[in-house]
Amino acid sequence: MRTVDVARRSGYSVQQIRNLERDGVLPPAARTATGHRSYTGRHVLAATAYRALAAGTGPAEARAIVRAAHDPSPAGMLALLDAAHARLDAERRSLRLAQDAARSISAEPLRDVRAADAMTISELAAALGVRTSALRHWHAEGLVVPDRDTAGRDRVYSPGAVRDARITDQLRRAGYPIATLRTLLPELRHADARTALDTREAGLTARSRALLNGAAALSALLASPTDMPG
């Protein structure tokens, strides 16, 4: 096959195919007597695998995986692929935890905060039904950070900090430990946390499917003969 044939079959431009060969993603092409590149079906499979993997893991990691597929032993490539799956799994478990936490938050409208919602530490403690020492502990852990009043005498919680305190209180009552809340709270500060998390889930699903497609192309590449025709 010519360069343009590989480009058409894999969805790349002619220059991109040349770049992929230069970067070792595609094995070196044979040359005709006149010096033109001559490709085979293996080059199409390698380009197809890279295209899918890049969508699932990013270009740099995809390059490393497909380059390793050209080694005599598949062990290195399989290890890289396993690592990519493991990272996606970790992200998905983190997402599930955040989604569960979002569902644990009551239906109280937290997005409509007003300047009048600012509270002192005693006012906020009374509103939540917790001790002021709990609010001080949340402050020390970086979960709910108040401001000081103009005289510097007392903690004043802005509307945003009041919202953080409400979220923290509800999740603590649901059994979430402080260490977990440090990770979850930034994701739950969105005006519509559930929508943001759903968007993140859709992105993870797309990446997982891309990785699956890339793995299928890699499997076909490993099974193909080195002299595979176009």
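The values are calculated or read from the model by the stated rules, or taken from the named source; none is laboratory data. This structure is a prediction, so every number in the text was calculated from the model and none was measured. FYI the Cβ positions are ideal-geometry reconstructions off the backbone, even for glycines, and counts take in every protein chain you see. Note: areas computed on protein heavy atoms with side chains; ligands, DNA, RNA excluded. Shrake-Rupley method; radii C 1.70, N 1.55, O 1.52, S 1.80 Å.
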Restricting the first residue to the range 11-40 and requiring it to be exposed (fewer than 13 other Cβ atoms within 10 Å of the Cβ), which pairs with a second residue that is of a type outside the set (A, V, I, L, M) meet a Cβ separation below 7 Å and a spacing of at least six or different chains?
-> Gly11/Arg51; Pro28/Glu21; Ala30/Ser38; Arg31/Arg37; Arg31/Ser38; Thr32/Ser38
Could you tell me which of the residues Ala174, Ala202, Ala196, Ala140 is free of Cβ contacts under 8 Å to residues at least 24 places away in the same chain, hydrophobic (A, V, I, L, M, F, W, C), closer than 18 Å to Ala102 by Cβ and exposed (fewer than 14 other Cβ atoms within 10 Å of the Cβ)?
-> Ala202
Go through (1) open to solvent by 50 Å² or more (accessible area, probe 1.4 Å); (2) at pLDDT 95 or above and name the single condition Leu53 misses.
-> (1)
Somewhere in the range 92-99, is a residue at pLDDT below 95, open to solvent by less than 60 Å² (accessible area, probe 1.4 Å) and among the aliphatic types (A, V, I, L, M)?
-> yes
Keeping to the range 205-230, report how many residues are of a type in the set (S, T, N, Q), open to solvent by less than 70 Å² (accessible area, probe 1.4 Å) and either at pLDDT below 90 or not in a helix (DSSP H, G or I) (or both).
-> 1
Just one of (1) more than 31 Å from the chain's Cα centre (by Cα); (2) open to solvent by 30 Å² or more (accessible area, probe 1.4 Å) trips up Tyr157, so point out which.
-> (2)
Collect the residues in the range 1-43 that are hydrophobic (A, V, I, L, M, F, W, C), over 19 Å from Pro59 (Cβ atoms) and not in a loop (DSSP other than H, G, I, E, B), keeping them in residue-number order.
-> Val4, Ala30
Given the conditions (1) open to solvent by 20 Å² or more (accessible area, probe 1.4 Å); (2) touching a helix residue (DSSP H, G or I) at 6+ places or on another chain (Cβ under 7 Å); (3) of a type outside the set (S, T, N, Q), which single one is not true for Ala86?
-> (2)
